[in-house]
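Q: Structure provided below as structure tokens; questions to follow.
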Amino acid sequence: MRNIILEKIVSLFLKVMLIFAIYLLLRGHNNPGGGFIAAIIASTGFVFYAIIYGTKKVEKMLHLSTHQWMGIGLLLVLISTLLPLFFSKEIQTGLWIPSDFPVLGLLSLGTPLLFDTGVFVTVSGVILTIILSIMEVLEWN
């Protein structure tokens with residue numbers, strides 16, 4: 001039985017969780033937060049969405065399989081780890097690029113943010129792979 005109110009609330013909940021996850025991801029290097037906790041929060045939103053709409057809708061929303069998301073995340077982690085070698089620095093040394101954005105102002109983008117983003121994508125992929133697989137085995141639709 002469809003519950004339109006619950007469907008709308010879960011859709012809104014997913015958007016709020018994703019926005020909060022991105023906020024935690026972006027502030028995580030200097031303050032509490034980061035890629036891991038942001039991935040847990042984002043995955044929670046997707047799990048609630050899957051409970052209401054089914055796993056196929058979540059997989060369609062992600063555009064790629066969860067295994068591909070894990071691979072992309074690991075690639076980002078590898079790039080952020082090895083990038084300093086090209087600048088004659090040690091592995092995992094933070095590299096920073098000061099960037100001036102019109103609305104946001106001066107931001108320092110660097111390899112720690114790239115590393116956190118890789119952790120975010122990898123952990124999200126792992127959590128969603130586990131949860132969606134369990135839901136498919138249980139025929140949760």
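The values are calculated or read from the model by the stated rules, or taken from the named source; none is laboratory data. What you see is a predicted model, and the numbers here were worked out from it, not measured in a lab. Note that we place each Cβ from the backbone using ideal geometry, even for glycine, and neighbour counts take in every protein chain shown.
Q: State which residue pairs qualify: first residue on the phi > 0 side of the Ramachandran plot and of a type in the set (Val, Ile, Thr) and inside segment 115-133, second residue surrounded by 21 or more Cβ atoms within 10 Å (Cβ to Cβ) and in a helix (DSSP H, G or I) in any location, beta carbons under 9 Å apart, and separation of 6 or more residues or different chains.
A: none
Q: Among the numbered conditions (1) surrounded by fewer than 17 Cβ atoms within 10 Å (Cβ to Cβ); (2) over 9 Å from the mean Cα position of the chain (by Cα); (3) within 24 Å of SER133 (Cα to Cα), tell me where ILE4 comes up short.
A: Here ILE4 meets the rest and fails (3).
Q: Do you know which residues across segment 85-102 are modelled with pLDDT of 80 or more, surrounded by 10 or more Cβ atoms within 10 Å (Cβ to Cβ) and not aliphatic (A, V, I, L, M)?
A: LYS89, GLN92, THR93, GLY94, TRP96
Q: Could you check how many residues of segment 18-37 are over 11 Å from the mean Cα position of the chain (by Cα) and buried (at least 19 other Cβ atoms within 10 Å of the Cβ)?
A: 2
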